[in-house]
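Accompanying notes for the structure given below.
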Amino acid sequence: MRQLPTEPNDIRTLTIMGDPKEAKRARAFARTTLDSLGCNPSTIDDGELIVSELATNAIAAAPGKQIDISIFPIKDLVAIYVYDPANELPRRQRPTLAGEKGRGLAIVRSCSYRHGTSPSASGGKVVWAMVRRYS
């Protein structure tokens with residue numbers, strides 16, 4: 001994983017390949033990890049949804065490539081980082097009423113305390129979100 005803070009000693013990471021079938025593994029990883037960190041049920045649900053959206057976006061941006069999903073506590077927050085090797089940064093879209101795409105970042109924004117994107121020094125990007133551990 002790229003650009004993770006050096007302080008957390010409880011970083012949990014899952015590596016998946018850019019394949020739509022891997023989204024299920026990402027969701028299960030998020031749910032199990034957030035539960036093991038003692039998060040409340042609402043935070044677990046929000047975190048799982050965030051990971052699902054960010055992993056799905058990463059899979060679409062980097063098909064067939066390695067994607068790293070890291071989850072770690074920072075005081076009363078939990079950080080969720082998703083790295084993919086594609087250099088293009090995500091941008092919000094205006095979904096159509098009947099469209100199936102374009103809502104992911106809006107969902108992440110509504111479920112997270114903070115969120116953002118950072119280019120990785122080694123190429124690619126990290127899209128991240130933070131949730132309150134005990135909301």
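Bear in mind that the values in this text are calculations on the coordinates, not laboratory data. Just so you know, these numbers come straight off a predicted model, no measurement behind them.
Numbers at a glance
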{"read-out": "Ratio Rg/Rh [Cα only; Rh per Kirkwood] for the chain", "value": "0.94"}
{"read-out": "Amide H contacts under 5 Å for R133, placed H, 5+ residues apart", "value": "L77, V78"}
{"read-out": "Amide H contacts of I74 (H built 1.01 Å from N, under 5 Å, at least 5 apart or other chain)", "value": "A79"}
{"read-out": "Length released on extending from R94 to A60, taking residue separation times 0.36 nm less the Cα-Cα span", "value": "10.5 nm"}
{"read-out": "In Hz, Karplus ³J(HN,Hα) per residue of the stretch 121-128 (6.51, -1.76, 1.60; θ = phi - 60°; x = Gly, Pro)", "value": "4, 8, x, x, 8, 10, 9, 10"}
